[in-house]
Amino acid sequence: MLRIIVGLALTVVAGAIAGRRMFWLYRLGRTGQPAPERVAALREHPGRGAQTQVTEVIGQRKLLQWSVPGLAHAFTFWGFIVLLLTIIEAYGALFSKHFAIAAIGTWAWVGFIEDLFAVAVLAGIITFTVIRLTSDPKKEGRKSRFAGSHTGAAWLVLLGIFLVVATLLIYRGAQINTGDFPYPHGAFASEIVGHWLHPLGAANKGIETTFILLQLAVILAFGVFVTYSKHLHIAIAPVNVLFSRRPNGLGPLQPMRSNGKVLDFEEADPDEDVFGIGKVEDLSWKAMLDLATCTECGRCQSQCPAWATGKPLSPKMIILELRDHAFAKAPYLLAGSDEAREALPASAKAEAARPIVGDEESRGVIHPDELWSCTNCGACVEECPVDIEHIDHITGMRRHQVLVESAFPVEAGTMLRNLENKGDPWGMGASKRTDWIGELDFEVPVVEGAIGADVEYLFWVGCAGALEDRAKKTTKAIAQLLHAAGVSFAVLGPAETCTGDPARRIGNEFVFSMLAQQNIETLTEAGARKIVASCPHCFNTIAREYPQLGGDYEVIHHTQLLAQLVADGKIKPVTPIGERVTYHDPCFLGRHNRVFTPPREIMEQVPGLRAQEMHRCKERGFCCGAGGARMWMEERIGKRINTERIDEALGTDPDTISTGCPYCLVMLGDAVAAKKAAGEAKESLEVVDVAQLLIRSVQQSAMAGAPAEPAGAAEASPDSSDQA
Ligand code: SF4
Ligand code: SF4
């Protein structure tokens, strides 16, 4: 009877506290904006939701990418699922000393599995303890992924988990001695503890009762603590994963929404509509769920190029700062009426008045230097084990700063004005877009009206590809290779304008939609079907963002097309290039769009070329520093990101650094030039596009191992076409 009364009393009290907290969190989440698109996506693809639960939650896919901490977490997670059986048994033992779960409760292998996972959980928390001790932010500073996390709560949780397992094994050991244990054998760890307790004789009766109650008390206290700490993720991570956008939070940005509907700039009402994230309640409920789900593991922070180079931005801290602010503002948000808000203490009102973005003086939640340091590289989203969508939140705040506050780095203003007035970020104008064609010795058709029926691909050249000297070399190499392979293509020439990517990434959705609509109109008039893009930013925007505005095309990146042409034997790299080459993955080609293999396949086919991967490559590739419109902003804080990347590349002792993006080409080229000037890189070191490497090998005139002028008109001879 004592067991029943104490056990149930503890359950009722803990249930009431945890339930009250969960209801408070639910009400807070409801103050966010609606997100009907998330519910609709789940309804439309229920199988996808189920699949992510299996792979991400039960399978722990992302966590297992970090082998040691991943395995430790997986053991702990799977252990707690199995140990649900032992919780049922502990509750059952309140009512009947000989309780056993129906049907399976006396099977020896069930007892074995329970003990196996109890031991696995212990191994998991020992591993976590070692990880936390060896990566202590007090010693490691910014290098520790736990820098900025609430480490005290993490230690409490480790202690809590240890107590859950310890009390479990002790009461089971005592049960073996009292004859109340349901399993005849198999529960090896409980049997060892039982052996230790055996000399205590009749005292085992008392130990059994005490530790059953302690086991329930620890579990219930842990359950309450979870609702008040970062370990809330245990309860809500599956929900967050379920409603995350798929395939993931990378690739396209989402359209601006107000009250759940896509914002129409022509009909928008500045007094009624929400323009980006200007206050915490402008976040959608899904974004609020993101905040509550963060485990503070710091995986995102450890991969962030801004954080790695000493800038104030950490994707983890963005989430934690917003979460702390949302919790502190909760009394205001949940007050229910103006009178109730007026009656709040001054500290609550002061918290409510904080701007979401602002410097120390204005007590902003997020400092502008944090907000504008983001390159949109996606490393944080890629790493986050609970599918938090950092880029969406950063973009939401940028949108409000640009569209409502007109507050953004001044140097980016020129780029935005150029986009509006001239259609390219440099303001060079449409007439310059075809200059590169004159440097070739064959005709490149420029579309006038509709694309001819004999033209297979529309070659989307992009602003950099048409106007920036280094990127123009890539453009010419691609054109030569397509021509040599007999692929029919045409370009839009002066009718092409910027896709709008830099405007969208900086937060100017208005300029983005203006440019995007103009391009979609042009593409529709031209009857474009298949598009090959040389810039991953254009590729991402046209393929994955234009469908939001009704523009649906089949878009591929030039490395995909060239790899296919090489595989089909239409392009034959024959001249050896005896160089060591390291390939830099452009974020918007690789991580955002999962194109990792084609550039590498091209390099593999070049005779003599020795590819050497950098440590940070493919999904873990490190940004060049240009994305997120950072190309048009000064980099005043910390080490330059492109220098950090080149330092890593130099570690492979390359003759050439290759890539597949004009932004990367420029950023890495600048860093290499600076290294050469400082005498830290050899004079012959080059940064080139994979297409430039390929054409060197296709051109018989190129000397083995010698860098050739890649796209000179004189070299694009009919002979080279034949050989291809
Ligand atoms: S997108 Fe890249 S730069 Fe921006 S916060 Fe994430 S990791 Fe850092
Ligand atoms: S945002 Fe994700 S990766 Fe970053 S600390 Fe939180 S849970 Fe970890």
request  = Answer yes or no as to whether residue 370 is out of contact with any helix residue (DSSP H, G or I) (no Cβ under 6 Å at 6 or more places or on another chain), charged (D, E, K, R), within 16 Å of ligand 2 (Cβ to nearest atom) and in contact (Cβ under 8 Å) with a residue 24 or more places away in the chain.
outcome  = yes
task = Run residue 75 past the list (1) outside the structural domain of residue 6 (by TED's automatic domain parsing); (2) surrounded by 17 or more Cβ atoms within 10 Å (Cβ to Cβ) and report the number of the one that doesn't hold.
result = (1)
request  = Out of 670, 653, report the one residue that is modelled with pLDDT of 95 or more, farther than 21 Å from residue 536 by Cβ and either acidic (Asp, Glu) or buried (at least 24 other Cβ atoms within 10 Å of the Cβ) (or both).
outcome  = 653
ask   = Given the conditions (1) assigned by TED's automatic domain parsing to the domain that holds residue 319; (2) in a helix (DSSP H, G or I); (3) surrounded by fewer than 23 Cβ atoms within 10 Å (Cβ to Cβ), which single one is not true for residue 394?
value = (3)
query = Taking into account only those residues within the stretch 299-324 that are part of a loop (DSSP other than H, G, I, E, B) and surrounded by 23 or more Cβ atoms within 10 Å (Cβ to Cβ), which is nearest to ligand 1 (Cβ to nearest atom)?
reply = 304
ask   = Which of (1) in a helix (DSSP H, G or I); (2) away from ligand 1 (no atom under 16 Å from the Cβ); (3) within 24 Å of residue 148 (Cα to Cα) does residue 295 not meet, given it meets every other one?
value = (1)
message = I'd like the full set of residues that are under 26 Å from the mean Cα position of the chain (by Cα) and not in a helix (DSSP H, G or I), limited to the stretch 1-60.
response = 31, 32, 33, 34, 35, 45, 59, 60
request  = Tell me, please, whether a residue that is touching a Lys or Arg at 6+ places or on another chain (Cβ under 7 Å) and charged (D, E, K, R) can be found in the stretch 491-503.
outcome  = yes
query = Residues in the stretch 280-292: is at least one surrounded by 22 or more Cβ atoms within 10 Å (Cβ to Cβ), touching a residue at least 60 places away in the same chain (Cβ under 8 Å), away from ligand 2 (no atom under 16 Å from the Cβ) and outside any helix (DSSP H, G or I)?
reply = yes
task = Output the qualifying pairs, or none if there are none: Cβ atoms under 6 angstrom, residues six or more apart or on different chains, first residue in the stretch 149-174 and in contact (Cβ under 8 Å) with a residue 24 or more places away in the chain and more than 25 Å from residue 314 (Cα to Cα), second residue among the charged types (D, E, K, R) and away from ligand 1 (no atom under 16 Å from the Cβ).
result = 171/208; 174/208
query = Looking at (1) under 15 Å from the mean Cα position of the chain (by Cα); (2) surrounded by 16 or more Cβ atoms within 10 Å (Cβ to Cβ), which is the only condition residue 594 fails?
reply = (2)
task = Taking residue 356 as the residue in question, decide whether it is among the aliphatic types (A, V, I, L, M), closer than 30 Å to residue 244 by Cβ, crowded, with 21+ Cβ neighbours inside 10 Å and more than 16 Å from ligand 2 (Cβ to nearest atom).
result = yes
task = Keeping to the stretch 336-387, report how many residues are within 12 Å of ligand 1 (Cβ to nearest atom) and not in a strand (DSSP E or B).
result = 15
request  = Could you run through the stretch 597-642 and say how many residues are part of a helix (DSSP H, G or I) and within 13 Å of ligand 1 (Cβ to nearest atom)?
outcome  = 4
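Take the residues in the stretch 401-429 that are among the β-branched types (Val, Ile, Thr) and part of a helix (DSSP H, G or I), then tell me which one is nearest to residue 495 (Cα to Cα).
Only one residue fits best here, namely 414.
The values are calculated or read from the model by the stated rules, or taken from the named source; none is laboratory data. Every value quoted in this text rests on a predicted model; they were computed, and no experiment measured them. Note: ideal-geometry Cβ built from the backbone for every residue, glycine included; neighbour counts use all protein chains shown.
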